[in-house]
Structures are given as C-alpha cells and as structure tokens.
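Asks: Pasting a structure here, questions to come.
Read-outs: derived from the displayed coordinates by stated rules, not from any lab. Computed from a predicted model, the values in this text were never measured in an experiment. Positions of Cβ are backbone-derived with ideal geometry, glycine not excepted, and every protein chain shown enters the neighbour counts.
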Amino acid sequence: MIKILIIDDDQALARSLEIQLKAEGHQIIVAHNVSDGMTALTELIPDLVLLDLNLPDEHGLKALPAILTTLPGVTVVIMTGNTENSEAVDAMRDGAFDYLRKPLDLDELLQMAVKVESLKERDFPGKGDEKEPPSKVFPLQMIGSDQKIINVHKQIGLLARSRVTVLVTGESGTGKELVARILHEATAPSQPFVAINCSAFVPTLLESELFGYEKGAFTGADQAKEGKLEFAGKGTVFLDEIGDMSLDLQSKLLRVLQEDEFVRVGGLKTKKLEARIVAATHRNLQKMVDNGTFRQDLFYRLNVVSITVPPLRERRGDIDHLAEHLLAKIGYKMGRQPLRLSTAGRLKLRTGNWPGNVRELENTLTRAMVLTHGTEIDADDLVMQQDDQQEQAGRPVSGTLAATERMYISQVLAEHNWNITHTALTLDVSPTTLRKKITDYHLKRAQS
C-alpha cells in the first residue's frame, strides 16, 4: 500500500476519496489548500499526490514545480473540472504523472494507485532535477473534453520535454497541423514554425524547398537560397502529407534524420539540422511500406513517437463545444455576432457522420452563418454531406426529433459504457433527467 496526499478544496470530494482509498488500505492525508499541502508533503512523504488546480491560495500548476522540487520523484496526478486543455499540456510538460478530468472515475483512480505502488520500489531519477521550462499559457488547443483529446494534450506535454521526431496520424480534417503547432508552442515558441505540404510540390521543387540551393545549382538559380530546414533554426518543420513524398526524396530525408545534417542543392558544405521534424499523414504508412511505396527505414525514423488524432465521430460529446467555438471564430472573421444553434440544430450536428471531421464542421457552420436569416441556426440551415456510412452506422438521416434523440442517447451511453454520470455530463443534462429518458425510450444495455 502507498501514502497518498490529497490537495483539494472540495471537502466533500476530498472526504469521499479519503474513505475510498483508505478502504483499499492506503494511508491518506487531506489538505484543502497549497500551504497546508506543502506542510503535509514534508510530514507524510507521500508516494502519490492528488492535486487540484483551482485552490484558494495558489493555482495548482504554480504549486506543481514546488512539490516536485521539495520531494523529487513523487508522483503527482492533476485533478480538475476545468475544460482548458492547455492546462493538460502545461501539467504533463512540467512533470505531472497524469491529468484527470472531474467528475473522477473511481476505478481509474484506484488503478492509478496500484500503478504507483508497482513503481514505488523502482529507482527513478528525480523529476526535480529536470530543467524547469518557462511558464506560458498557450492559446492554441484542441477544443473538447473527450478523453482521447485530453490524452493528445498529455502526449504533447510529455513531448515538449524533448525534441524527438513525431509522426501525427489521423483522417483528413482532424487537426494534425494544429497538434504540430501546439507542440511547437509548448517547445520553442520563439523559434519559426515552418509548414510544408509534401503533396503541393513536384519532387525537384520540394527538394529545393527543404534543403535550399546554391547559386548556379540549376537554370534560374541566380542566387543562393536557404531552405526550410535551415530557416526553421531550432524551431519546428512540419511535413504534411509525408506519404506523398517521392521515394528518391524519402532517401534524402532519411539521411538528414540519421545524420542531423543536410547539404543545399548544388552545394558541398554540410549544415546542422537543429529543428524538430513533425510529419503528418492521413495514409496508412505501414501499408505503404508493405506495398513498397514508402521506405521502411524512413517510417521507423519518423515514427519515434506517434500521436493519433481521433475523428470527430469518435468524440461526439465535443461537438456542441466545438460548434460554439467555431461560430465565435467565424463571426469574428466576418465582423459580426455569432449565431446561436437551436436544439434541433445541435442534435443534427451531434448525429452527423462528419467524414471531413472538424474541417467539414467548420465549413458547414460557415455556410450556415452566411445563408441564415435571423439569429439562430436551425437544423434545416445545416447542409451536411450525406454518405452511405451514415445509414450503415444506423443513424437516421431523417425522422422525428424523439427518434433521433433516442438514437443519440443510446449511442452516447454505449460510448461511456453506460456510466450515467459521464453520459449526463456529455449530454448536458442531470443524471435524473437521463434516467427518465432511458425509461421513457425503453433503452437497455446490450449484453456482452
């Protein structure tokens, strides 16, 4: 069993956690502010600290470095009801072990304690020995509270501690470049971020764009030009649609990644690669390797760490929040107040298939903003792509509002494994209302 320090000003939650964790045999101390928590830290010498963010005397993220410095090697898990995903990046980058969104899943927390217990006897280097990155709030973030999106932000926070090559995968329109930009802002915000679409250039031009060229290297090269790898300095080079790069250029990029250096086209002098390489693709590179259209050795070099961005249909609970954010963004660009979504409009967005993901959602809302009269966007104002996948997935493309609501509630229940609390939070209704809907619609949990 382990020693756990809970720092949370929600006394009811802290007491509940204390009872549950003590029942598992753990030793618990509770503090309701940072000051008392720091005192308890030196008295208990805990193995695990459960740290809330919104504390009365100091924000949890500001207290995190002090905790890790005071007790190097302690495991700190952030607990918060906040929806700002940028905090997940900051927390993981600054040394947190994990980041949990309230309401907490007790089973997940108990498993966390077991994991910490299994790591207790191992010899870890002190987290306090790491150089503390500068504090910064990053405006860039992926909107949403789905666990898959939170996990993406946690990965970004961990990757911000190093400069390893990263491969971002996901369907078109999911936000792969946004992931790269968030990672760049968390790592080297004062350095250039250089994005290159590998499918937008013929191979010879792409080579010149990447490496630059010397004067006289080819017809028309009247003067030397630095390439994107050189211009990026210690920043980030984002290679979008890496799967469209020619095999010849793949071999040259492989050498760059192996040797951390490159040569301008027509040049002899080697130049040091200092930038981080982040590649992205919507293709299955492993299948391309099997088909001989992508180099296996380059795939391994790029795939040091992989981040998968989930499609929109796998995080439907985020669609309402995303739509509000996008409407505000679109309204700002148009110089007008954003329109509201009606209940039927929201329901239609939630039940859409979204093959184009967030990009398609933004395009749909932009079209509605332009063409809608009045201050509210209704279901009829939303012109969405329809394809065979919707019907195959059993989602109605038409029908009564009650039938659509029944289908949607059933779907969200299944996504949350029939957890009433989490499902109600996603649907933005009370657990009591959700239970009534389940009864009214005669919904039953599928037997596995």
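Asks: When only alpha-carbon atoms count, how far does the chain stretch along each of its three principal axes, as whole angstroms with the largest first?
Replies: 75, 62, 47
Asks: Counting alpha carbon pairs within less than 8 Å and at least 6 residues apart, what relative contact order, in whole percent, applies to the range 399-448? All intermediate terms of the calculation are to be shown ahead of the outcome.
Replies: Values: 20 pairs, mean separation 14.2, N = 50.
Once divided by the residue count of the range 399-448, the mean separation gives 28 percent.
Asks: Who wins for biggest fluctuation among 163, 255, 336 in a Gaussian network model of the chain, springs between alpha carbons below 10 Å?
Replies: Among 163, 255, 336, the largest GNM mean-square fluctuation belongs to 336.
Asks: Counting helices only, and only those DSSP H runs with n ≥ 4, report the 222 nm mean residue ellipticity of the chain as the sum of -39,500 (n - 2.57) divided by its residues, in deg cm²/dmol to the nearest 500. If you can, show how the numbers build up before the last one.
Replies: Details: 19 runs with 200 residues, N = 448.
Rounded to the nearest 500, it is -13500 deg cm²/dmol.
Asks: What are the semi-axes of the equivalent ellipsoid of the range 292-378, taken as the square roots of 5 times the eigenvalues of the Cα gyration tensor, listed largest first and rounded to whole Å? Walk me through the numbers on the way to the answer.
Replies: Numbers: eigenvalues 242, 43, 24 Å².
Ellipsoid half-lengths, sorted descending, are 35, 15, 11 Å.
Asks: What does the highest-first list of 349-357, 192-200, 284-292 look like by mean Cβ count within 10 Å? Don't skip to the answer; put the middle values down first.
Replies: Values: 349-357: 21.3, 192-200: 16.9, 284-292: 13.2.
By packing density, highest mean first, the sequence is 349-357, 192-200, 284-292.
Asks: Using the structure shown, select from 102/348; 115/154; 215/269; 3/62; 228/333 the pairs with a Cα to Cα distance greater than 20 angstrom.
Replies: Values: 102/348 27 Å; 115/154 18 Å; 215/269 13 Å; 3/62 23 Å; 228/333 30 Å.
Among 102/348; 115/154; 215/269; 3/62; 228/333, the Cα-Cα distance tops 20 Å for 102/348; 3/62; 228/333.
Asks: Sort 214-227, 363-376 by packing, meaning the average of other beta carbons within 10 Å per residue, with the highest value first. All intermediate terms of the calculation are to be shown ahead of the outcome.
Replies: Working: 214-227: 12.6, 363-376: 15.1.
Highest-to-lowest ranking by the protection proxy: 363-376, 214-227.
Asks: Could you tell me which of rounded, prolate or oblate describes the range 3-129, using a ≥ b ≥ c as the square roots of the eigenvalues of the alpha-carbon gyration tensor, with rounded for a/c under 1.5 and, failing that, prolate when a/b is larger than b/c and oblate otherwise? Show your work: numbers first, answer last.
Replies: Working: a/c = 1.20, a/b = 1.00, b/c = 1.20.
Rounded shape, in that the Cα axes give a/c under 1.5.
Asks: Which residue fluctuates most in the GNM of the chain (Cα springs below 10 Å): 62, 22, 333?
Replies: Of 62, 22, 333, the most mobile in the Gaussian network model is 333.
Asks: How high is the relative contact order of the chain, in percent, counting Cα pairs under 8 Å that sit 6 or more residues apart?
Replies: On the way: 730 pairs, mean separation 50.7, N = 448.
Computed value for the chain: 11 percent relative contact order.
Asks: Considering Cα pairs under 8 angstrom that are at least six residues apart, work out the relative contact order of the range 273-380 and quote it in whole percent.
Replies: Values: 75 pairs, mean separation 28.1, N = 108.
That works out to 26 percent.
Asks: Which whole-angstrom value gives the distance between the alpha carbon centres of the range 1-72 and the range 193-223?
Replies: What the calculation gives is 55 Å, centre to centre.
Asks: Could I ask something else about it? Which of the lysines could be linked to residue 444 by a straight reach, that is with a Cα gap under 21 Å, when you skip same-chain ones fewer than 8 residues away?
Replies: 436
Asks: Under 21 Å between alpha carbons, and skipping anything fewer than 8 positions from residue 287 in its own chain: which lysines qualify?
Replies: Hits, sequence-local ones excluded: 176.
Asks: Next question. Suppose every Lys and Arg Cβ carries +1 and every Asp and Glu Cβ carries -1, with no other charges. What dipole size does the range 399-448 come out with about its Cα centre, to the nearest 20 debye?
Replies: That gives the range 399-448 a dipole magnitude of about 200 debye.
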